1. Using the charge dipole of the chain (Lys, Arg: +1 at Cβ; Asp, Glu: -1 at Cβ; taken about the Cα centre), state which of 144, 106, 200 has its Cα farthest towards the positive end.
2. Among the lysines, select those whose C-alpha is under 21 Å from the C-alpha of residue 210, and discard any that sit fewer than 8 residues away in the same chain.
3. Ranked by accessible surface with a 1.4 Å probe, highest first, in what order do 246, 156 come?
4. How big is the Kirkwood radius of the chain, worked out from every pair of different alpha carbons and given in Å to one decimal?
5. In what sequence, largest accessible area first, do 232, 46 appear using a 1.4 Å probe?
6. In square angstrom, what is the accessible area per residue of the chain with a 1.4 angstrom probe?
7. Could you please state how large a percent of the accessible area of segment 110-205 is carbon and sulfur, counting protein chains only and using a 1.4 Å probe?
8. Angle between the Cα long axis of helix 228-238 and the longest principal axis of the chain, 0 to 90 degrees, nearest 10?
Amino acid sequence: IAALAFSSCSDDNDDNITLNTEAQTTFSFKHTWNDTEVTSPDFNTIQYTNENGEMLSIERLRYVISDITFSRDGQDDIVFDMHNLVDVTNNDNTILSLDENIPTGVYTNVSFTFGLDNEDNTENYIDLNTENFNVPEMLGGGYHFMQLEGKFIDNSVTETGYAYHAIRAVDNSKTPQEFQNTFFEVDLGEVTITNNAIFNIEMNIAEWFKSPNTWNLNVLNNMLMPNFDAQIMMFENGQNVFSLKSVTP
């Protein structure tokens with residue numbers, strides 16, 4: 001009986017080894033203001049202070065991530081040609097499970113795109129259309145990359161609305177229009193995957209207002225979509241927004 005039991009356990013181990021040659025990957029997006037977690041119940045209250053010293057609230061936060069990529073030495077990248085609208089306001093799509101498993105092993109880098117690259121931004125997405133995430137044709141069409149909205153206390157101690165909307169930068173002062181790419185790749189670094197894995201990713205919202213450009217909401221609060229320079233500043237500040245906190249089973 002002991003011999004049979006040992007044989008059975010050995011067979012199970014072999015099965016497990018076979019199963020563990022592939023893994024399901026999930027991306028979980030958490031949001032903070034520096035070290036304080038931000039969820040939708042925290043919205044609509046002026047309680048955050050940006051780098052410029054302005055008190056503000058968050059009333060809406062939603063953004064697109066796309067093209068999740070797993071890179072390996074000596075092998076082709078594994079690219080998931082997809083997009084996901086993370087809607088913190090309604091707590092939708094903050095957890096994304098990829099629809100195909102990937103081989104286990106060492107990945108030299110895992111990355112995703114904030115926003116949509118130029119090719120993807122010409123596509124027609126029913127879900128983004130439904131959410132009114134479109135950019136007007138006079139600004140180049142396509143889709144928003146992010147909508148961050150709320151109120152802040154301005155220099156006259158008045159609650160004033162702000163709309164920090166990120167799109168592909170367009171210069172309408174020139175004919176024809178000139179564009180500059182403002183989507184960017186978020187590199188999560190080297191990861192070893194031995195089993196199903198959850199990538200716990202954090203967006204520090206405070207960084208959008210912080211570095212390298214200290215954001216002055218009294219000057220830059222609305223009409224930012226047609227503001228070419230403001231879009232470039234958003235792109236620059238976005239480089240420090242996302243980080244990989246952990247990879248868990």
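1. Towards the positive end, the residue furthest out is 144.
2. 30, 151, 245
3. Output order, biggest surface exposure first: 156, 246.
4. After inverting the pairwise mean of 1/r, the radius is 20.0 Å.
5. 46, 232
6. Values: 12630 Å² over 249 residues.
About 51 Å² of surface per residue is accessible.
7. That fraction is 45 percent.
8. Tilt relative to the chain: about 30 degrees.
The values are calculated or read from the model by the stated rules, or taken from the named source; none is laboratory data. Predicted, not measured: the structure shown is a model, and the values here were computed from it. Glycine gets a Cβ as well: all are built from the backbone with ideal geometry, and neighbour counts include every protein chain shown. Heavy atoms of the whole protein, side chains included, go into the accessibility calculation; ligands, DNA and RNA do not. Shrake-Rupley method; radii C 1.70, N 1.55, O 1.52, S 1.80 Å.
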